[in-house]
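Trainee: Before I ask anything, let me first share the structure, which is written out below as structure tokens.
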Amino acid sequence: MQFHTTGIVFAALTVVSAASAQTTQAVEWKVSEGGNGHWYASTLVWATWPQARSIAQSVGGDLACVSRAEESAFLCGTVLRYGNGNGAALWLGLRMDQGVWSWVSGEPLTYTHWEPSNPGGVEDRGWVFGSNHPFVHDCSWNDADGQLHQYPGLIEWSADCNADGIVDYGQILRGELADDNHNNIPDVCETSVTGVLPPSVPSQGGITITINGRNFPDNPSVLVGGTPATNVVRVSATRLTATTPAGLPGMTSISVNGFTLPDAFYYRPDCGSDLDQNGSVDAGDISIILLDFGPCYQTPLAAPAPEVPPLLDAQPLPDAPRQR
């Protein structure tokens, strides 16, 4: 059975921007209270299931996977009570492929809480009733067409990328881990590029470059100025090698798995000293160089000494009058 309520589907929403997505204030299911240490919130954007998941991932989480009754009860009393404005419904990380339901996290579906008249259903994505839903108050689940129906999403943050036993999201909130780009993923855990060697290569491509950085994945994707590089090899978590494609002369960006370092290195013209790019190194190129010929810095000249007027020609003094 597909449960419908007025206002659940907003066909007018056609594009969802993950960057501008708003979420409610996150709550932690604390380990000290029998929880898993994960954090939960809901988006305030009505979206299809893929859009809702994209929003959740854009803020460092994913759609929630409810694996036991205690977790369901906690959510029912917190996020699902007031989370999305009216408590009607939120997408879960529950999907059906080839007739089998599973969680996006890969966890087995050992706990279920289907709404009694709809034990599993036949549509391909799962959602959960809010606890202040006008007809269903126990936060049970239902199913819907993930590409057609639109609900807010229930977000769960569970990642522990530095393996210290504490969910990263909470450490970021407490200022224990830096997150300079504000995506709720610790900077120490993200792929980044710090530099490229050599700093200049011919623009015709085919040159092996070394990319330095951190947290490079096993199968990295490398773009040079937006064009895929070839022969990409992960030497280590901090070093890659790749072969450059052809590109336009000038400063060029390098991207590894979505992280982009602008102006990473210089693409020289095909003939490196052909500054006017006329196909040959000639007097025109020398003229360009000579435009800047001369010292880069000049010591200011000392101020000239003030001019002293010339002395008048000496004249003999008149004889003093004699005393009689």
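The values are calculated or read from the model by the stated rules, or taken from the named source; none is laboratory data. Computed from a predicted structure; not experimentally measured. With ideal geometry, Cβ positions are generated from the backbone for all residues, glycine too; neighbour counts draw on all protein chains shown. Keep in mind that these areas ignore ligands, DNA and RNA; they rest on the heavy atoms of the full protein, side chains included. Shrake-Rupley method; radii C 1.70, N 1.55, O 1.52, S 1.80 Å.
Trainee: Could you please give the count of residues in segment 130-155 that are over 26 Å from the mean Cα position of the chain (by Cα) and under 17 Å from TYR40 (Cβ atoms)?
Mentor: So the answer is 5.
Trainee: Report, by residue number, each residue of segment 184-206 that is more than 22 Å from ARG234 (Cβ to Cβ) and open to solvent by 60 Å² or more (accessible area, probe 1.4 Å). Before the answer, list the steps.
Mentor: Keep residues of segment 184-206 that are more than 22 Å from ARG234 (Cβ to Cβ), which gives 184, 200, 202-204.
GLN204 - this is the single residue of segment 184-206 that is more than 22 Å from ARG234 (Cβ to Cβ) and open to solvent by 60 Å² or more (accessible area, probe 1.4 Å).
Trainee: Of all residues in segment 252-275, how many are open to solvent by less than 90 Å² (accessible area, probe 1.4 Å) and at pLDDT below 70?
Mentor: The qualifying residues number 5.
Trainee: Residues in segment 151-183 that are within 26 Å of GLN51 (Cβ to Cβ), in a loop (DSSP other than H, G, I, E, B) and open to solvent by 10 Å² or more (accessible area, probe 1.4 Å): how many?
Mentor: 8
Trainee: Restricting the first residue to segment 228-243 and requiring it to be touching a residue at least 12 places away in the same chain (Cβ under 8 Å) and of a type in the set (Lys, Arg), which pairs with a second residue that is assigned to a loop (DSSP other than H, G, I, E, B) and open to solvent by less than 70 Å² (accessible area, probe 1.4 Å) meet a Cβ separation below 7 Å and a spacing of at least six or different chains?
Mentor: Listed pairs, sorted by first residue: ARG234/PHE216; ARG234/PRO220.
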